[in-house]
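A short write-up of the structure that comes next.
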Protein chains: 2
Amino acid sequence: MAGTYDGAIQDLIDSFAKLPGIGPKGAQRIAFHLLGVDRQSAQDLADAIITVKEKVRFCEICGNVCETSPCPICQDPRRDRSVICLVEEPKDVMSIERTGEYRGLYHVLGGAIDPMSNVGPGDLRIPELLQRLKSGEVKEIILALDPNIEGEATTTYLARLLDPLEITVTRLASGLPVGSDLEYADEITLGRAISGRRAV
Amino acid sequence: MAGTYDGAIQDLIDSFAKLPGIGPKGAQRIAFHLLGVDRQSAQDLADAIITVKEKVRFCEICGNVCETSPCPICQDPRRDRSVICLVEEPKDVMSIERTGEYRGLYHVLGGAIDPMSNVGPGDLRIPELLQRLKSGEVKEIILALDPNIEGEATTTYLARLLDPLEITVTRLASGLPVGSDLEYADEITLGRAISGRRAV
């Protein structure tokens, strides 16, 4: 009994502690919260977990998460089919959708090249991308990978791979985050902001 | 589609965002983590939530969470039945058990007096405590409430309530946390450490 709880509570704490961003103390807090809520709320959470595993799949075209394949974006006739925005993860699709600035299609790579974690180009959805480009409908690919080492490596790799094709390859602008202070920008970001300066 | 996900994923994000200590970004991260794990792991988490609601109850004597009532601590013949440690929440029982310094019984109040949240003495398990004291077996009560305003108010209330009974009422020592720096102690804690100083 010393140090751990009775069976079911400790099982629940352990289950939550496995989730990303939740430590042992947070897991304990959540477990006691769930002990206190009514039966239906706990059931709803359990159902939501099961439902997502049952219903959610990956779009056969773009690789985004969806309940219907092809996904609503790939099926939407109003989207601009001449542009594909390449992202690492399904959640990046949502981040770009939220801006309301983009009306083209997406392609989810499923990660970025990262030799330290044994992720090479063969582990990403690159063949599926090349397949989509064969129709000749796509005129521009926007490389929207994370601005970190893995994202940069993947951007460089893909830029070279796509160079022989007659497609414009662009990437997201690097620079100062809107609302931030010049004083607190790191030198690499500030350097990118200077080299990428635009006419007002 | 703009800003929110397809049905099941958004439902899961919303369910997790309701839990304490998890914000919208954290909930999204957990939802995508669960999308990526194998079916069994997701099922295990859902089962753990349901099981805890089915199996866990409150001990009829001390109010601690347990799967058998009375709880293992109340049933344990090796525990010292002359001392009761009074705590606010079941998780406080575990904190004290982990120290290995205490071999008596517990009584969980279920909270602390907090007029701002409409919690008065009538909302706490005080009648159950007085009932336990009737047998005359208990010689000491340790008030182990949180050292904040609500805990102090409850400690004062209970100390007065228990004063007429022939029971020693003690409270946890206030002072400097072990491993901390004198320099960073707040003045109230340091003041308590001075007034509670002990012979070496």
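Filtered by the rule that a residue be in contact (Cβ under 8 Å) with a residue 12 or more places away in the chain and either farther than 23 Å from residue A:134 by Cα or among the acidic types (Asp, Glu) (or both), region A:47-64 gives A:55, A:57.
Restricting the search to strands (runs of 3 or more DSSP E) fully inside region B:39-143 and requiring at least 1 residues that are within 26 Å of residue A:14 (Cα to Cα) gives B:80-87, B:104-108. For region B:122-140, filtering for residues that are of a type outside the set (Lys, Arg) and within 17 Å of the chain's Cα centre (by Cα) leaves 4. Within region B:1-19, being within 7 Å of another protein chain (Cβ to nearest Cβ), in a helix (DSSP H, G or I) and either under 28 Å from the mean Cα position of the chain (by Cα) or surrounded by 15 or more Cβ atoms within 10 Å (Cβ to Cβ) (or both) holds for B:8, B:9, B:11, B:12, B:15. Could you tell me which residue of region B:88-119 is farthest from residue A:34 (Cα to Cα), considering only residues that are within 14 Å of chain A (Cβ to nearest Cβ) and in contact with a helix residue (DSSP H, G or I) (Cβ under 6 Å, 6 or more places away or on another chain)? Result: B:102. Among the residues of region B:83-119, those that are closer than 22 Å to residue B:165 by Cα and either within 11 Å of the chain's Cα centre (by Cα) or free of Cβ contacts under 8 Å to residues at least 12 places away in the same chain (or both) comprise B:86, B:87, B:88, B:107, B:108, B:109, B:112. Residues that are in contact (Cβ under 8 Å) with a residue 24 or more places away in the chain and at the interface with another protein chain (Cβ under 9 Å from one of its Cβ atoms) were ranked within region B:65-82; the one that is nearest to residue B:92 (Cα to Cα) is B:65. For region A:166-175, the criterion of a residue being loosely packed, with under 11 Cβ neighbours inside 10 Å, of a type in the set (A, V, I, L, M) and in a loop (DSSP other than H, G, I, E, B) is satisfied by at least one position.
For (1) under 24 Å from the mean Cα position of the chain (by Cα); (2) under 21 Å from residue B:96 (Cα atoms), each residue gets a yes or a no:
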position: B:142; (1), (2): yes, yes
position: B:152; (1), (2): yes, yes
position: B:155; (1), (2): yes, yes
position: B:165; (1), (2): no, no
position: B:171; (1), (2): yes, yes
position: B:176; (1), (2): yes, yes
position: B:179; (1), (2): yes, yes
position: B:184; (1), (2): no, no
position: B:188; (1), (2): yes, no
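Within region B:54-73, the set of residues being within 12 Å of residue A:7 (Cβ to Cβ) and buried (at least 20 other Cβ atoms within 10 Å of the Cβ) comprises B:56, B:65, B:66. Among the residues making up region B:20-60, those that are under 21 Å from residue A:35 (Cα atoms), hydrophobic (A, V, I, L, M, F, W, C) and more than 7 Å from every other protein chain (Cβ to nearest Cβ) are B:22, B:27, B:58, B:59. Pairs meeting the criteria (first residue in region B:29-46 and over 14 Å from residue B:5 (Cβ atoms), second residue outside any helix (DSSP H, G or I), beta carbons under 7 Å, at least 6 apart or on different chains) are B:33/A:19; B:33/A:20.
Coordinate-derived values only; no laboratory data. Keep in mind it's a predicted model, so treat the numbers as computed, not measured. Cβ sites come from the backbone with ideal geometry, for glycine too, and all protein chains shown count toward neighbours.
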